[in-house]
1. Would you confirm whether or not segment 188-208 contains a residue that is within 30 Å of Asp113 (Cα to Cα), surrounded by fewer than 21 Cβ atoms within 10 Å (Cβ to Cβ), within 11 Å of the ligand (Cβ to nearest atom) and not small (Gly, Ala, Ser)?
2. So, in segment 481-535, how many residues would count as being modelled with pLDDT under 95 and either in contact with a strand residue (DSSP E or B) (Cβ under 7 Å, 6 or more places away or on another chain) or acidic (Asp, Glu) (or both)?
3. Just one of (1) among the small types (Gly, Ala, Ser); (2) on the phi > 0 side of the Ramachandran plot; (3) more than 21 Å from the chain's Cα centre (by Cα) trips up Ser496, so point out which.
4. Restricting to segment 349-395, give me the number of residues that are within 16 Å of the ligand (Cβ to nearest atom) and part of a loop (DSSP other than H, G, I, E, B).
5. For segment 80-135, give me each residue that is within 23 Å of the chain's Cα centre (by Cα) and hydroxyl-bearing (Ser, Thr, Tyr).
6. Looking at (1) among the β-branched types (Val, Ile, Thr); (2) within 16 Å of the ligand (Cβ to nearest atom); (3) more than 23 Å from Lys252 (Cα to Cα); (4) touching an Asp or Glu at 6+ places or on another chain (Cβ under 9 Å), find the lone condition where Val164 falls short.
7. I need every pair where a residue in segment 246-275 that is closer than 16 Å to Phe500 by Cβ and more than 11 Å from the ligand (Cβ to nearest atom) has its Cβ under 9 Å from the Cβ of a residue that is in a helix (DSSP H, G or I) and at pLDDT 95 or above, sequence separation at least 6 or different chains.
8. From the list Val124, Val179, Val183, exactly one residue is among the β-branched types (Val, Ile, Thr) and away from the ligand (no atom under 16 Å from the Cβ). Which is it?
Amino acid sequence: MTTTITPLTKRPAWKALTSHHKKIRGQHLRKLFAADPKRGERMTAGAAGLFLDYSKNRVTNETLKLLLKLAQESGLRGRIKAMFSGEKINITENRAVLHVALRAPKGAKIIVDGKNVVPEVHAVLDKMEAFSKRIRSGAWKGHTGKRIRNIVNIGIGGSDLGPVMAYEALKHYSERGLVFRFVSNVDGADFVEATHDLDPAETLFIVSSKTFTTQETMANAQSARVWLLKGLGGNLKAVAKHFVAVSTNAEKVSAFGIDTANMFGFWDWVGGRYSMDSAIGLSTMLATGPKNYRALLAGFHAMDEHFRTAPFEKNLPVLMALLSVWNTDFLGAETVAVLPYENYLKRFPAYLQQLTMESNGKHVTLDGKPVDYQTSPVYWGEPGTNGQHSFYQLIHQGTRLIPCDFIAFAHALTPLGRHHDMLLANVFAQAEALAFGKTAAEVKAEGTAGWLVPHRVFEGNRPSNTILAGRLTPEVLGKLVALYEHIVFVQGAIWSVNPFDQWGVELGKALAQRIVPELESKAAPKLAHDSSTNNLIRLYRKMKTRE
Ligand code: G6Q
């Protein structure tokens, strides 16, 4: 399939941005702010209760005008329409991309292959709700008649990162009488540590796997089955009371021994990393309850509506995506630091790593041509203020440009003395210090010895966004996640890549499948890899026979 979009570097707005960049690249944020006293109020936008200050980016009105023009020339409006109307925009897998349908209200209509998918979405939600109520009330009993107190989600990638992040983010709202654990890694330590203090009679496993074929998840699910049966005396009937599945693959689920009545379905138009609000969010609903889960979905939907309808110049995902393209492709930034000043969001950067990098870490355009510009930056981060005492040094005074997204809330979920004002003072101070720095003259004026001055100078001119919201509710979390989902979408449209496939993870998977028997066979295998891989395999085989 081909597209008619002009290659990115040939679009008039891109060319204009290239010459515009040459003109303004020497400008410092100090100067931009001095020249426009209202900049900090003007370069802001709000949507669905999220406030964005983007004034500390190295842009002028002209930059923004050209970036918005670039969005038009990239066919963004049409791409948005295509996604929301269920067109098969994931062209390499011939699939629609409809995570937005997962949070569409009852009564909405989104047609895929001639069928409205919204009623199915709500049927699954209702089933999840009924199940959650039974677990949370204790009506669901384990094999020995005890109620369930421990819930272990087994899944990896998109079937793990969203649930873990959401559980941590919404812990404040969670049922504290239930213990939640998440097992993803094929490294046995993950499973062993997650279950070592759990009573099998009180433990429910959710096997979360869209395909139900993923090596790591299947290995962990099998080990869970063995662990459970061993703990409960080996009666196979126990499996049905202690295992449920979230999957699109009913056949494999039932082959595993899980009653498909206890399977929660989703669809091939939900990508793994876009699935935390599908049945993959079952652990989130169990932890926070159906009402909070539905509020989370309402938050997602509010941001979807904003993204779909707001003019680009007021559209949060569009603005943030365009600024990230500017930082990446014109200012040469290699990474983006996401820095939530909210401890409950500690797994948010890890979640975003997959969402952003698996989506837009691409080297060819939709029509298969190699790109001649950078695509996704590396996303990373840690909650504030901890990062300030470690890697912020490099952001302030290192040689690389690292744009930052600061995320903060007006209210603490767990107020404690002066802590929240101290936390917020830090986030505002960091963005201010990054933008404006401290000149040699200012350092000298403080009486600093001449030789020490260069060490204490802060160049400034480091771009950042600040997102401010009321408090971290389930609804706000939905808005935040949808914001970044749509940022990724807009970036993909500008870069003309497909954010919805992930062929780059295939090669390693296939090679591992081939190597497993070479590690396990009794007889020395005939190895046909390169000399390094052959040697490592031989060495490992030798080492594992010694203690
Ligand atoms: C996400 C990817 C990937 C996927 C995992 C788990 O977009 O597709 O991270 O979620 O590989 O896949 P299963 O859910 O099929 O086990």
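The values are calculated or read from the model by the stated rules, or taken from the named source; none is laboratory data. Fair warning: this is a prediction, and the values are worked out from it, not measured in the lab. Reconstructed Cβ throughout: ideal geometry from the backbone, glycine too, with neighbour counts over all protein chains shown.
1. The answer is no, given that none of the residues of segment 188-208 is within 30 Å of Asp113 (Cα to Cα), surrounded by fewer than 21 Cβ atoms within 10 Å (Cβ to Cβ), within 11 Å of the ligand (Cβ to nearest atom) and not small (Gly, Ala, Ser).
2. Final tally of qualifying residues: 1.
3. (3) is the only condition that Ser496 fails.
4. Final tally of qualifying residues: 3.
5. Matches in segment 80-135: Thr92 only.
6. With (1) among the β-branched types (Val, Ile, Thr); (2) within 16 Å of the ligand (Cβ to nearest atom); (3) more than 23 Å from Lys252 (Cα to Cα); (4) touching an Asp or Glu at 6+ places or on another chain (Cβ under 9 Å) applied to Val164, the lone miss is (4).
7. What qualifies is Trp267/Ala101; Trp267/Glu120; Trp267/Val121; Trp269/His99; Trp269/Ala101.
8. From the options Val124, Val179, Val183, the qualifying one is Val179.
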